[in-house]
Amino acid sequence: MGKLEDMKRASRLIGKTGKIFQILFGILAGIFLISIFVLSALRNTLSTMPAASLTDFDFSHMGYFAGKLAGEGRFIDACIVFLIFGVLFSMVVTVIMYFIARIFNKIYHDYSPFLPEIVKDLKVVSVLSTLLILQSSIGFGVIAGFIFWGIIRLYEYGCELQNQADETL
């Protein structure tokens, strides 16, 4: 079996795996949304309950805003803020996985991996991934941005070479 067939088989597997993760993160976003609605609807009832069990809980790992609200004694609001960020994160990862699956499905179905459509999808993935990484670390985000930029430039060069090869045939 040739390298092209290996690449196509791997692309098909990655495309299907990306689709599965896209669905899973979409479901997770839905669960977070439902939790937000439930907490919002029960906010008054839950706020009147004793918060003795929540005061021992460490909210610092839930982000700056959730930690600040919890420090003020607004535990339900802290949970809602945390869930909102969970929805946003899950939706961004869902979009990233959509484009990754799309990239590898195009590679599987086309004659060459060097297509302008793939470069566009790579740009979307790189911007969204860099933004996610920047959220947790500026240094790693900058490094990731440069790595993605280099990969995209290489892919654009590969597209140009593919175009020249197609014209000579």
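Derivation of every value follows stated rules applied to the coordinates shown; laboratory data play no part. These numbers come from a predicted model, not from an experiment. Glycine also receives a Cβ, built like all others from the backbone with ideal geometry; neighbour counts cover every protein chain displayed.
Can you pull out every residue in the range 107-141 that is in a loop (DSSP other than H, G, I, E, B) and touching a Gly at 6+ places or on another chain (Cβ under 9 Å)? So that I can check it myself, show each step before the final result.
At the first step, the residues of the range 107-141 found to be in a loop (DSSP other than H, G, I, E, B) are 110-115, 137.
Result: S112, P113, F114.
Report, by residue number, each residue of the range 8-22 that is surrounded by 14 or more Cβ atoms within 10 Å (Cβ to Cβ) and among the aliphatic types (A, V, I, L, M).
If the condition is that a residue be surrounded by 14 or more Cβ atoms within 10 Å (Cβ to Cβ) and among the aliphatic types (A, V, I, L, M), then I14 is the only one that fits.
Determine if the range 72-85 includes at least one residue that is surrounded by 18 or more Cβ atoms within 10 Å (Cβ to Cβ) and touching a residue at least 60 places away in the same chain (Cβ under 8 Å).
Taking the range 72-85 first, the residues surrounded by 18 or more Cβ atoms within 10 Å (Cβ to Cβ) are 75-83.
Narrowing further to those that are touching a residue at least 60 places away in the same chain (Cβ under 8 Å): none.
No - not one qualifying residue is present in the range 72-85.
Please determine, by comparing only the residues of the range 119-138 that are without any contact (Cβ under 8 Å) to a residue 40 or more places away in the chain and farther than 24 Å from F85 by Cα, which one is surrounded by the fewest Cβ atoms within 10 Å (Cβ to Cβ). Please lay out each step first, then the result.
Step one: filter the range 119-138 for residues without any contact (Cβ under 8 Å) to a residue 40 or more places away in the chain, giving 120-131, 133-138.
Restricting the remaining residues to those that are farther than 24 Å from F85 by Cα gives 120-122.
Details: K120: 13, D121: 19, L122: 18.
Across the range 119-138, the extreme among qualifying residues is K120.
Cβ-Cβ below 6 Å, separation at least six or inter-chain, first residue in the range 139-164 and under 13 Å from I118 (Cβ atoms), second hydroxyl-bearing (S, T, Y) and outside any helix (DSSP H, G or I): which pairs?
These pairs meet every condition: Q162/S112.
Looking at the range 99-116 only, could you name the residues that are of a type outside the set (F, W, Y), over 18 Å from E156 (Cα atoms) and touching a residue at least 12 places away in the same chain (Cβ under 8 Å)? Explain how you work it out, then say what you get.
Our first condition is that a residue be of a type outside the set (F, W, Y); within the range 99-116, this holds for 100-103, 105-107, 109-110, 112-113, 115-116.
Checking the rest, the ones that are also over 18 Å from E156 (Cα atoms) come to 101, 105, 109.
Hits for the range 99-116 are A101, N105.
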